[in-house]
1. Of the residues E:Leu37, E:Leu4, which is open to solvent by 30 Å² or more (accessible area, probe 1.4 Å) and either closer than 30 Å to A:Gly77 by Cβ or of a type outside the set (Phe, Trp, Tyr) (or both)?
2. So D:Arg45 fits all but one of (1) within 14 Å of chain A (Cβ to nearest Cβ); (2) open to solvent by less than 10 Å² (accessible area, probe 1.4 Å); (3) over 14 Å from the mean Cα position of the chain (by Cα); what number is the exception?
3. Which ones in the stretch A:74-104 are of a type in the set (A, V, I, L, M, F, W, C) and open to solvent by less than 20 Å² (accessible area, probe 1.4 Å)?
4. Looking only at residues that are free of Cβ contacts under 8 Å to residues at least 12 places away in the same chain and surrounded by 19 or more Cβ atoms within 10 Å (Cβ to Cβ) in the stretch A:56-67, which one is farthest from B:Arg120 (Cα to Cα)?
5. Return the total of residues in the stretch A:15-64 being outside the structural domain of A:Arg3 (by TED's automatic domain parsing) and among the basic types (Lys, Arg).
6. Only residues that are part of a helix (DSSP H, G or I) and either touching a Cys at 6+ places or on another chain (Cβ under 8 Å) or in contact (Cβ under 8 Å) with a residue 24 or more places away in the chain (or both): list them for the stretch B:82-102, please.
7. Sort through E:Ala118, E:Ala110 and tell me the only one that's within 14 Å of chain C (Cβ to nearest Cβ), over 24 Å from B:Gly107 (Cβ atoms) and in contact with a Ser or Thr (Cβ under 8 Å, 6 or more places away or on another chain).
8. May I ask you to verify whether F:Met67 is within 14 Å of chain A (Cβ to nearest Cβ) and in a helix (DSSP H, G or I)?
Protein chains: 6
Amino acid sequence: MPRLLEYGEAAPEAQAVFDEIKAARGIEDVNNFWKALAVDPPLLRRTWDSLRAVMAPGAIDPVVKEMLYLAVSMTSGCAYCTASHTAAARAKGMTEAQYGELLAVVGMAAETNRLAEALRVPVDPQFD
Amino acid sequence: MPRLLEYGEAAPEAQAVFDEIKAARGIEDVNNFWKALAVDPPLLRRTWDSLRAVMAPGAIDPVVKEMLYLAVSMTSGCAYCTASHTAAARAKGMTEAQYGELLAVVGMAAETNRLAEALRVPVDPQFD
Amino acid sequence: MPRLLEYGEAAPEAQAVFDEIKAARGIEDVNNFWKALAVDPPLLRRTWDSLRAVMAPGAIDPVVKEMLYLAVSMTSGCAYCTASHTAAARAKGMTEAQYGELLAVVGMAAETNRLAEALRVPVDPQFD
Amino acid sequence: MPRLLEYGEAAPEAQAVFDEIKAARGIEDVNNFWKALAVDPPLLRRTWDSLRAVMAPGAIDPVVKEMLYLAVSMTSGCAYCTASHTAAARAKGMTEAQYGELLAVVGMAAETNRLAEALRVPVDPQFD
Amino acid sequence: MPRLLEYGEAAPEAQAVFDEIKAARGIEDVNNFWKALAVDPPLLRRTWDSLRAVMAPGAIDPVVKEMLYLAVSMTSGCAYCTASHTAAARAKGMTEAQYGELLAVVGMAAETNRLAEALRVPVDPQFD
Amino acid sequence: MPRLLEYGEAAPEAQAVFDEIKAARGIEDVNNFWKALAVDPPLLRRTWDSLRAVMAPGAIDPVVKEMLYLAVSMTSGCAYCTASHTAAARAKGMTEAQYGELLAVVGMAAETNRLAEALRVPVDPQFD
């Protein structure tokens, strides 16, 4: 199993990031992804800062951002990310009906992505 | 270049699908993806029927479905699909600000997907 | 554009491989893949020796081996390999009807692969 | 663990699909993939209908279709699909010698796919 | 073609990043990747800041960092990134002999990665 | 679980490869990857011969070759290969600081690879 750093084992710079995550999310402990990243404090810091900026309220609704994140995670086949972002999307309001439709889009897109590449379809001029 | 079947060259079963696509979208000609799929009329028929069902109005907003489709296409690196679904998402109302945020989510998720797998992070019990 | 080494520019060890490929396939010139690999003669040698061994007559029919190679190439999204192995499979006897069915299997598998991972389905005991 | 719906928990539309799968395959219970898909009955229905059509007897031998499905599943790195389609291919007649050669083709294609993209080899005119 | 923003068309925040890139690299114009990212100035800013931090001198030699970046780019099949990081690695000192060996490692790893997944090999206890 | 062939169960040709691996690495037993490959002795032989040639001392430092192999394995999402090559890179001298920087490069490259493809950035003339 990979090394997961608990709060007491982490460097001060990593503890500071853990504190920010816990405060921002109102949780008592960070999830394993952050404990694993803590082996490299600068990487942990950059990842958290970027994630917070990318997922901040903006032009796209927060639950939609989570659903996009989930669709990407499913497509790259990351089991950890699929599990954590399914939970996050539900926490932000994704319904079961929406989850079913998201699955359908992810599966359908996987199929047509593959077919378009298998057939080496040239891009239509109107799309450029 | 791959073979693209124009209407006059396509089998009657393929022409029927072309007709449905043109009617559903209010366009004068189908895009290259369908012309390439026409080499196998049953595959063309199944793909169109499934796509129409998956993208039909439902629990997820149509523009969000297109943005999910686009995020998946970008993630699987399908240039054709990225071009066609960027156009489709804009046609359904995706703004430039939303496009920028979608790009940011796709890029960020690619990074954390890779890190979670590189570190082989075990799924937290609360996500299961 | 990448560097492609023509016969006269290639190292003697690379020319020897070019000669073997031309003799084995009864062609007058090797295709671009081999000219690109010639930048590293030991890599060119290993790749050709392995490919010849893997594709040699055996328990799987030669045209089926080419169709498997093509299905993998489509799935990894390699445009060059998709083009060259489509041609090779046709040269070994793949019919248009078989090509259509192969496309359908590749697309369908892409979809169910993604769904199985998106749902994180546990392997059934009888499959192990 | 993801949610798997047993027959008694599934919606009537999902039970109907379970019944068809059991009848078509002569088995007493469906495998986990279908129980997971049952969270969205329309997706379950479409996936089964398409799979049945794609894998039906046609121009490609059934065992070859399974081997193609398996090669794609191995290439996209789907562990569940690799396990289930290895079992299915063996049930349809794939021998151990054929399995070994399939592995060799999948591995070899992965290597040359990567090299062709790493070298950005342009497609030869005769392949187009 | 995607939209590429030249200096005069870019927002002031994007121009500031362009200026930093040109100064850091001693070049007269930024390459297309940055002009494309300029459609979303905050994404451009975050990407440049992270890249500069990640590629800064550290425990790994700069030319090795570029070779790692190149190996990843080849593996994800990004043609643009493969082209740009091949140039960058050469500029930082990668020799032709090293380039040939890097290609060989990338190809070999692609093959064994696929085989390990195709065989679903369990991780040995000593690796954990 | 996949079939793993212990020395006593393996064919003589496979035992010969096991002997070479044990001698080359000074270990008492081969790791699971080789036991799994032993189901097809010619594939086992080719894989070991190629791996030994590719990883032999050359223009790139052995620890750097292992780090490249690891970066590719992380990028293709092969958990087994990531575990085994993390161990191998550490055994050859990769420090914890280098491991942290390698993770950062792999994550960063994943993000920019995706963005370059999402934006379909054309290759700059100076890179060709």
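1. Numbers: E:Leu37 fails: open to solvent by 30 Å² or more (accessible area, probe 1.4 Å).
Result: E:Leu4 is the single residue among E:Leu37, E:Leu4 that is open to solvent by 30 Å² or more (accessible area, probe 1.4 Å) and either closer than 30 Å to A:Gly77 by Cβ or of a type outside the set (Phe, Trp, Tyr) (or both).
2. In the conditions (1) within 14 Å of chain A (Cβ to nearest Cβ); (2) open to solvent by less than 10 Å² (accessible area, probe 1.4 Å); (3) over 14 Å from the mean Cα position of the chain (by Cα), D:Arg45 misses (2) alone.
3. Looking only at the stretch A:74-104, we keep the residues that are of a type in the set (A, V, I, L, M, F, W, C), and these are A:74, A:78-79, A:81, A:83, A:87-89, A:91, A:94, A:97, A:102-104.
Those that are of a type in the set (A, V, I, L, M, F, W, C) and open to solvent by less than 20 Å² (accessible area, probe 1.4 Å): A:Met74, A:Cys78, A:Cys81, A:Ala83, A:Ala89, A:Met94, A:Leu102, A:Leu103, A:Ala104.
4. Quick first cut of the stretch A:56-67, residues free of Cβ contacts under 8 Å to residues at least 12 places away in the same chain only: A:56-61, A:64-65.
Then keep just the ones that are surrounded by 19 or more Cβ atoms within 10 Å (Cβ to Cβ); that gives A:60, A:64-65.
Values: A:Ile60: 30, A:Val64: 27, A:Lys65: 24 Å.
Result: A:Ile60.
5. Residues that pass the stated criteria total 0.
6. So in the stretch B:82-102, the residues part of a helix (DSSP H, G or I) come out as B:82-91, B:96-102.
Hits for the stretch B:82-102 are B:Ser84, B:Ala89, B:Gln98, B:Leu102.
7. Values: E:Ala110 fails: over 24 Å from B:Gly107 (Cβ atoms).
Checking each option against the conditions leaves just E:Ala118.
8. Numbers: within 14 Å of chain A (Cβ to nearest Cβ): no; in a helix (DSSP H, G or I): yes.
Criteria not met by F:Met67.
The values are calculated or read from the model by the stated rules, or taken from the named source; none is laboratory data. On a predicted model such as this, the values are computed, not experimentally measured, just so you know. Every residue, glycine as well, gets a Cβ built from its backbone with ideal geometry; the counts of neighbours run over all protein chains shown. The area values use the complete protein model at the heavy-atom level, side chains included, leaving out ligands, DNA and RNA. Shrake-Rupley method; radii C 1.70, N 1.55, O 1.52, S 1.80 Å.
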